[in-house]
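Reviewing the structure listed below.
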Amino acid sequence: MILRSWLSEAVLEDTIGCEAEGVDLGDARLDRRYRLLLERLAGQPGRSIPAACQGRAQTQAAYRFLDHASVTPGKLLAPHREATRRRMAAERTVVVAQDMTEIDLTRPERVVGGPLADDGRTGFFGHVLLAATVGGLPLGLLDARTWSRDPETVGTAKATRKDRPLADKESVRWIEGYRTCVGAARSQPGVEVVCVSESEGDVYELFVEVETQGHAAKSIVRACQDRRLADSAALLFAAAAAAPVLGRRAIDVSNRQAPPSETRKRRKARSARTATVVLRPPNRTDGKLPSVTVTAVLAREVDPPAGEEAIEWLLVTDLPATTLAEAQRVLDLSACRWLVEVYFRTLKTGCRIERLQLATPGRMRNALCLYQVVAWRVLLVTMAGRDCPDLPCDTVFDTAEWQAVSVVVKRTTVPMTPPRLAEMVALVARLGGHQGRKSDPPPGPQAMWVGMQQARTLALAWETFGPGAKTYA
């Protein structure tokens, strides 16, 4: 399996250390501090910076690091982005899910960032490109950007939206994200890169960009705009619904708890239909756009439960979808986008980035970069236990971790050989509250991030008091 080569060789016993390889902050001392801070946060992903640093002096050093003029988000993420590209090179197909999220930093004592979508809340917006295998194993962040809105212009953007060029809108980040995927695809010709965008990415200029770039990276966008077809009065959703049915398949859909105020249909989820259509370009004040040819894949629930609206997904893509197998592949690739939602939950609930008490925007942005890498590592451990269960666990965990956890959880003697990765993940998850019964689903990120904190604490005690611990005169 191609996946095993990079997981066992490139990250052997030092998953987080590989993400700092090649860091260049212009000062060797800053480089060392970056590696140390990243390692400490990875060992205790749910702890605050002071708790992870274990002492006032180290905490102050961490804050000075985050405040340093040479420390920027671009430089901090650069080694992780390069490591992500190396892992992508080992795959035949890579799905890059791009999505946006809010980072709520509302504090009664200070304002960090700018206004969010709702009145009274402040913080940042984040846009990430999470690369993953078709099987759902996260390869890392291909890119991540954070920004805040200007309080002076909030409330006027909607009224002037049609008059402003795309470059002045937040939606330009979807096009920039696709261009990043194109760069990755062109640097690795043997890898098929598929950029998957949520419905907020249904921007006409994105479809134009795909054609302009010669389809170097493939694209799948979940449609939310019912666009008009060229040379026709028909609309996109109706045209897709009128196309011949290719076939049916069963899909498991998770429960979704939407807020009472949510009215958007796209926020609610199956015969499959496809149609190749030419979209009519919308009017833009900054120039005329060309028509584009796309394939629309419509998946519609045929027998919804009583009282519930049928789930419907309309996917706009440049991938082939003339047969049922091809349409199913588009659906399967699009479904990989759920991983970025799990990633955001890991970042917010597991790493607790919204609880960080950092006083300046610059310090917060730099800290966020560190935690973005840490959240990826938590998600990697979680998914690797499912995808590569037979790998030795020292591909991810160091010796002190797997020995200490084995002894504490299994109440056994010190193991001399590392257990299977699936077994170690199960042991760590038990430390995080997962009961591991036969009827239970596999452990998720929440059990893993709590368990990994406990595992790191046990490892520190093991190194201090366990067999082979150093003795001090």
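The values are calculated or read from the model by the stated rules, or taken from the named source; none is laboratory data. Computed from a predicted structure; not experimentally measured. Virtual Cβ from ideal backbone geometry, glycine too; neighbours counted across all protein chains shown. Just so you know, the surface numbers come from the protein's heavy atoms only, side chains and all, with ligands and any DNA or RNA stripped out. Shrake-Rupley method; radii C 1.70, N 1.55, O 1.52, S 1.80 Å.
Summary of computed values
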| quantity | calculated |
| --- | --- |
| Volume per residue of the C-alpha convex hull in the range 410-473, rounded to whole Å³ | 96 Å³ |
| Overall Cα dimensions of the range 298-337, principal axis frame, Å, largest first | 35, 22, 14 |
| For the range 35-50, Karplus couplings with θ = phi - 60° (6.51, -1.76, 1.60), whole Hz, Gly/Pro x | 4, 5, 5, 4, 5, 5, 5, 5, x, 9, x, x, 8, 6, 4, x |
| Built amide H within the under 5 Å cut-off of Thr274, gap 5+ | Leu246, Leu298 |
| Low-density loop positions, chymotrypsin sites (Phe, Trp or Tyr not before Pro), the range 393-473 - DSSP coil, at most 12 other Cβ in 10 Å | Tyr472 |
| Computed [θ] at 222 nm, deg cm²/dmol, the chain (DSSP H ≥ 4; -39,500 (n - 2.57); rounded to nearest 500) | -12000 deg cm²/dmol |
| Dipole magnitude (debye, nearest 20) for the chain, charges at Cβ of Lys, Arg, Asp, Glu | 580 debye |
| Which of Ser48, Ala241, Leu137, positive extreme of dipole for the chain (C-beta unit charges) | Ser48 |
| Difference of contour (0.36 nm per residue) and Cα-Cα distance, Ser48 to His215 | 55.8 nm |
| Calculated over the range 295-437: convex hull of Cα atoms, volume per residue (Å³) | 220 Å³ |
| Positive-end residue, the chain charge dipole about Cα centroid, Cβ charges, pick of Cys195, Pro415, Val221 | Pro415 |
| 5 angstrom amide H check on Asp143, placed H, neighbours 5+ away | Leu129 |
| Gain upon complete extension [Arg186, Asp168; 0.36 nm per residue less C-alpha separation] | 3.7 nm |
| Percentage relative contact order, the range 27-88, counting C-alpha pairs under 8 Å, at least six apart | 24 percent |
| Nonlocal amide H pairs with Ser219, under 5 Å, H built at 1.01 Å | Cys195, Asp318, Leu319 |
| Residue-level accessible surface for Glu176, protein heavy atoms, 1.4 Å, Å² | 50 Å² |
| Positive-pole candidate from Val381, Thr295, Ser334, dipole of the range 268-421, charges at beta carbon | Val381 |
| Under the Karplus curve 6.51 cos²θ - 1.76 cosθ + 1.60, θ = phi - 60°, whole-Hz ³J(HN,Hα) for the range 207-213, x wherever Gly or Pro sits | 5, 5, 4, 4, 5, 4, 7 |
| Those Cys residues of the chain for which no other cysteine Cβ falls under 4.7 Å | Cys18, Cys53, Cys224, Cys336, Cys351, Cys369, Cys388, Cys393 |
| In Hz, Karplus ³J(HN,Hα) per residue of the range 65-77 (6.51, -1.76, 1.60; θ = phi - 60°; x = Gly, Pro) | 4, 5, 8, 5, 4, 7, 9, 10, x, x, 6, 5, 8 |
| DSSP-loop trypsin sites (Lys or Arg not before Pro) across the range 48-101, with at most 14 other Cβ within 10 angstrom | Arg92 |
| Assigned charges on the beta-carbon of Lys, Arg, Asp, Glu; the range 355-427 dipole about Cα centre (debye) | 400 debye |
| Inter-site label distance for Arg411 and Arg64 at 7 Å from Cα along Cβ, in nm | 4.9 nm |
| Full-extension gain in nm, Val134 to Ala238, via 0.36 nm per residue minus C-alpha separation | 34.4 nm |
